[in-house]
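S.K.: If you scroll down you'll find the structure; I have some questions about it.
The values are calculated or read from the model by the stated rules, or taken from the named source; none is laboratory data. Model, not experiment: these values are computed from the prediction. Note that each Cβ is placed from the backbone with ideal geometry, even for glycine, and that neighbours are counted across all protein chains shown.
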Amino acid sequence: MTDTLWNTKDVATHLNVKESTIRHWVFIDYIPHIKFRGAVRYRKEDILEWINRCSVKGPSRISRFSSDILKEKK
(Lines give C-alpha, C1' and ligand atoms only; values in the text may rest on other atoms or scores of the structure.)
Protein backbone atom coordinates (compact mmCIF):
# COMPACT_ATOMS: atom_id res chain seq x y z
CA MET A 1 0.00 0.00 0.00
CA THR A 2 1.38 3.40 -0.96
CA ASP A 3 0.52 6.64 0.76
CA THR A 4 -0.81 9.43 -1.41
CA LEU A 5 1.27 12.54 -0.73
CA TRP A 6 -0.07 16.04 -1.29
CA ASN A 7 1.90 19.24 -1.64
CA THR A 8 0.91 22.55 -0.05
CA LYS A 9 -1.15 23.61 -3.07
CA ASP A 10 -3.12 20.33 -3.00
CA VAL A 11 -3.99 20.74 0.68
CA ALA A 12 -4.89 24.42 0.27
CA THR A 13 -7.19 23.57 -2.64
CA HIS A 14 -8.84 20.74 -0.72
CA LEU A 15 -9.42 22.94 2.33
CA ASN A 16 -10.28 26.05 0.29
CA VAL A 17 -7.67 28.21 2.05
CA LYS A 18 -4.59 30.09 0.87
CA GLU A 19 -1.26 28.28 0.56
CA SER A 20 0.16 30.81 3.02
CA THR A 21 -2.37 29.59 5.60
CA ILE A 22 -1.18 26.01 5.15
CA ARG A 23 2.46 27.12 5.47
CA HIS A 24 1.61 29.00 8.68
CA TRP A 25 -0.18 25.93 10.08
CA VAL A 26 2.96 23.89 9.33
CA PHE A 27 5.11 26.51 11.07
CA ILE A 28 2.98 26.36 14.24
CA ASP A 29 2.72 22.56 13.93
CA TYR A 30 -1.09 22.71 13.66
CA ILE A 31 -1.55 20.46 10.63
CA PRO A 32 -0.02 16.99 10.15
CA HIS A 33 2.89 17.09 7.73
CA ILE A 34 6.16 15.43 6.73
CA LYS A 35 9.41 17.26 6.06
CA PHE A 36 12.25 15.76 4.06
CA ARG A 37 15.15 17.51 2.36
CA GLY A 38 13.47 20.88 2.76
CA ALA A 39 10.21 19.76 1.16
CA VAL A 40 6.93 19.64 3.06
CA ARG A 41 4.40 16.98 2.11
CA TYR A 42 1.13 15.80 3.59
CA ARG A 43 -0.27 12.28 3.66
CA LYS A 44 -3.78 12.46 2.22
CA GLU A 45 -5.03 10.00 4.84
CA ASP A 46 -3.57 12.13 7.67
CA ILE A 47 -5.22 15.28 6.33
CA LEU A 48 -8.63 13.60 5.97
CA GLU A 49 -8.36 12.19 9.50
CA TRP A 50 -7.30 15.62 10.82
CA ILE A 51 -10.35 17.20 9.17
CA ASN A 52 -12.61 14.67 10.89
CA ARG A 53 -10.99 15.38 14.27
CA CYS A 54 -11.45 19.13 13.79
CA SER A 55 -15.08 18.86 12.71
CA VAL A 56 -17.70 20.26 15.07
CA LYS A 57 -20.63 17.94 15.61
CA GLY A 58 -23.92 19.74 16.20
CA PRO A 59 -24.29 23.29 17.46
CA SER A 60 -21.18 24.73 19.01
CA ARG A 61 -21.08 26.05 22.55
CA ILE A 62 -20.99 29.62 21.24
CA SER A 63 -24.09 29.20 19.08
CA ARG A 64 -26.00 27.64 21.99
CA PHE A 65 -24.92 30.57 24.19
CA SER A 66 -25.98 33.05 21.48
CA SER A 67 -29.43 31.52 21.19
CA ASP A 68 -29.84 31.77 24.99
CA ILE A 69 -29.01 35.48 24.82
CA LEU A 70 -31.50 36.03 22.01
CA LYS A 71 -34.24 34.29 24.01
CA GLU A 72 -33.53 36.54 27.01
CA LYS A 73 -33.89 39.71 24.90
CA LYS A 74 -37.42 38.79 23.78
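S.K.: Name every residue in region 47-59 that is among the β-branched types (Val, Ile, Thr) and either at pLDDT 95 or above or loosely packed, with under 10 Cβ neighbours inside 10 Å (or both), in order of residue number.
M.R.: To start, the set of residues in region 47-59 that are among the β-branched types (Val, Ile, Thr) comprises 47, 51, 56.
Hits for region 47-59 are Ile47, Val56.
S.K.: Run down Ser20, Ser67 and say which single residue is modelled with pLDDT under 95 and either surrounded by 10 or more Cβ atoms within 10 Å (Cβ to Cβ) or part of a helix (DSSP H, G or I) (or both). Before you say what the answer is, go through the steps one by one.
M.R.: Details: Ser20 fails: modelled with pLDDT under 95.
The unique qualifying residue is Ser67.
S.K.: Kindly check whether there is at least one residue in region 6-15 that is in a loop (DSSP other than H, G, I, E, B) and aliphatic (A, V, I, L, M). Break it down stepwise before answering.
M.R.: Residues of region 6-15 in a loop (DSSP other than H, G, I, E, B): 7.
Going one step further and asking which of them are aliphatic (A, V, I, L, M), we end up with none.
Within region 6-15, not a single residue is in a loop (DSSP other than H, G, I, E, B) and aliphatic (A, V, I, L, M).
S.K.: I'm told Asp10 meets every condition in (1) touching a strand residue (DSSP E or B) at 6+ places or on another chain (Cβ under 7 Å); (2) surrounded by 14 or more Cβ atoms within 10 Å (Cβ to Cβ); (3) among the charged types (D, E, K, R) except one. Can you identify the failing condition by its number?
M.R.: Here Asp10 meets the rest and fails (1).
S.K.: Now, a different point. Looking at Lys35, Lys44, which is the one that is touching an Asp or Glu at 6+ places or on another chain (Cβ under 8 Å), modelled with pLDDT of 90 or more and either surrounded by fewer than 11 Cβ atoms within 10 Å (Cβ to Cβ) or not hydrophobic (A, V, I, L, M, F, W, C) (or both)?
M.R.: Within the list Lys35, Lys44, the selection yields Lys44.
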